[in-house]
Each structure stands twice: as C-alpha cells, then as structure tokens.
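Engineer: Take a look at this one; I'll ask things after.
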Amino acid sequence: MRSQVEETIAEIPEEDFLRAQFYAFLAQLLSKSPNTELLETIAKSEGDDSPMGLALLGLAQAAGSIHQEAVDEEYTKLFFGMGQGGEILPYGSYYLTGLLYDQALSKLRQDMQQLGIERGNQNKEPEDHIAYLMEIMHGLIIGRFDEVKSLSDQRAFFDAHISPWAIKLFTDLEAAESSTFYKAVFLTISLH
C-alpha cells in the first residue's frame, strides 16, 4: 500500500518532481558533508552540452576527484570552522541583518506555521539555515506538509525566505578559500 506522500508524488508533473529532487539534493549537500556513497553516485552523473549539463559534469568531476576525508574537512572549514565559526554562515538572518536568530528567522517561523510546517527534531540548526530552506522547498512541491502547495505559494515562500539572500551566500561559497568541491556545487546551483 502506498503512503499519501507516494500517491501525491505520483500525481506531480515530472518537471515539478525534478525540481523537488534538485532541492532535496541541495539540502543533502548543504546539511552535512556528503558520504563516500553519495560522492560516488554524483561522480557517475552524466550531463550534456547545455549549461546545466556542463555544470553537472563539473560536479561529477569534482566528486570523483575528492576523497571523503577531504570533503569532510572542506565542509567543516566552510560551515563550522575550528572553534571560531566557518568561512560561511549559511543563515538567512545573518545575510539579511548581520545577526543570527533575528527578524528573518522570526518571520520564517510565522510563515512555516501558516503553511503547516513543523520543525523536526533531527537537525539542531535554526530554520533559516540554507539546507533547511531547501528541504522546505522540496516539501512544498511534493506535498510533505499535508498537500502540494501551489506554484504561487512556492514562489511566495522562495521570494520571502531564499531569494533575498541565497545568491550572496552561494557567491561567498564560490569565493571561499576552503571551497573546492563546493565551488562545483555553486556552479550547479547558479544555473538552476
């Protein structure tokens, strides 16, 4: 017997499903360092001569040329640092106001409540972490929060909580001194 989410996913147009999968993929890459299995899967990715296809090929090459320990170290330097914080603070509040746990997070929590989105217990990061937001976008598209949200609801959430700051985050990620694998991630994101 299929779950409600599985039934909903079966009814989603292919373009929307692929967009949702891309958000889930980004959430996975931005929430923690990719494990060896994920790196191997990414390394097998194929592309074409389109801008997105070339970016995927670049990401595949980056995944195939980095070892698990190196990507773990890169992730730590980028997002956690060595006791002083990482090179990148991937939080909407920080990019919008320069402070953590600020108005942007409060507004996000209000909008999440209106959309019926409850904070999970698996992640200790505040909800305005970029990976958390990517996972929310995935859920809005596939109906994880009771129903598939309309394209206008998805767009409103994206415009309110991601668009105003995410490109700056990804630009910083591309320019970060410790960024090697994640530069390729940025190129893939920038073409989405």
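Engineer: Taking the range 83-132 on its own, how many of its residues are among the hydrophobic types (A, V, I, L, M, F, W, C) and touching an Asp or Glu at 6+ places or on another chain (Cβ under 8 Å)? Please lay out each step first, then the result.
Structural biologist: Going residue by residue through the range 83-132, those that are among the hydrophobic types (A, V, I, L, M, F, W, C) are 88-89, 96, 99-100, 104-105, 108, 112, 115, 117, 130-131.
Remaining after also requiring touching an Asp or Glu at 6+ places or on another chain (Cβ under 8 Å): 88, 96, 104-105, 108, 112, 115, 131.
Selection size over the range 83-132: 8.
Engineer: Could you identify the single residue in Glu147, Glu127 that is among the charged types (D, E, K, R), surrounded by 18 or more Cβ atoms within 10 Å (Cβ to Cβ) and not in a helix (DSSP H, G or I)? I'd like the intermediate steps shown before the answer.
Structural biologist: On the way: Glu147 fails: surrounded by 18 or more Cβ atoms within 10 Å (Cβ to Cβ).
Result of the check over Glu147, Glu127: Glu127.
Engineer: I'd like to verify a number: residues in the range 39-57 that are without any contact (Cβ under 8 Å) to a residue 24 or more places away in the chain and touching a Ser or Thr at 6+ places or on another chain (Cβ under 8 Å), how many?
Structural biologist: 1
Engineer: May I pose another question? Specify the residue that is modelled with the lowest pLDDT; the eligible residues are those in the range 10-30 that are open to solvent by 50 Å² or more (accessible area, probe 1.4 Å) and part of a helix (DSSP H, G or I). Give the derivation first.
Structural biologist: Narrowing the range 10-30 to residues open to solvent by 50 Å² or more (accessible area, probe 1.4 Å): 10-11, 13-15, 17-18, 21, 28.
Pick out the ones that are also part of a helix (DSSP H, G or I) and you get 10-11, 14-15, 17-18, 21, 28.
Working: Ala10: 60, Glu11: 80, Glu14: 91, Glu15: 90, Phe17: 94, Leu18: 90, Gln21: 94, Gln28: 94.
So the residue we want is Ala10.
Engineer: Step by step: first the residues of the range 130-144, then only those that are part of a helix (DSSP H, G or I) and among the small types (Gly, Ala, Ser), then the one that is farthest from Pro164 (Cα to Cα). Which residue is that? Talk me through it step by step, then tell me what you get.
Structural biologist: Filtering the range 130-144 down to residues part of a helix (DSSP H, G or I) leaves 130-142.
Checking which are among the small types (Gly, Ala, Ser) leaves us with 131, 139.
Details: Ala131: 16, Gly139: 20 Å.
So the residue we want is Gly139.
Engineer: Moving to a separate point now. Run Ala104 past the list (1) in contact with a strand residue (DSSP E or B) (Cβ under 9 Å, 6 or more places away or on another chain); (2) in a loop (DSSP other than H, G, I, E, B) and report the number of the one that doesn't hold.
Structural biologist: Condition not satisfied by Ala104: (2).
Engineer: Taking the residues in the range 58-95 that are without any contact (Cβ under 8 Å) to a residue 60 or more places away in the chain, open to solvent by less than 60 Å² (accessible area, probe 1.4 Å) and of a type in the set (A, V, I, L, M) as candidates, determine which candidate is nearest to Pro34 (Cα to Cα).
Structural biologist: Ala60
The values are calculated or read from the model by the stated rules, or taken from the named source; none is laboratory data. What you see is a predicted model, and the numbers here were worked out from it, not measured in a lab. Cβ: placed from backbone, ideal geometry, glycine included. Neighbour counts: every protein chain shown. These area figures cover heavy atoms from the full protein model, side chains too; ligands, DNA and RNA do not enter into them. Shrake-Rupley method; radii C 1.70, N 1.55, O 1.52, S 1.80 Å.
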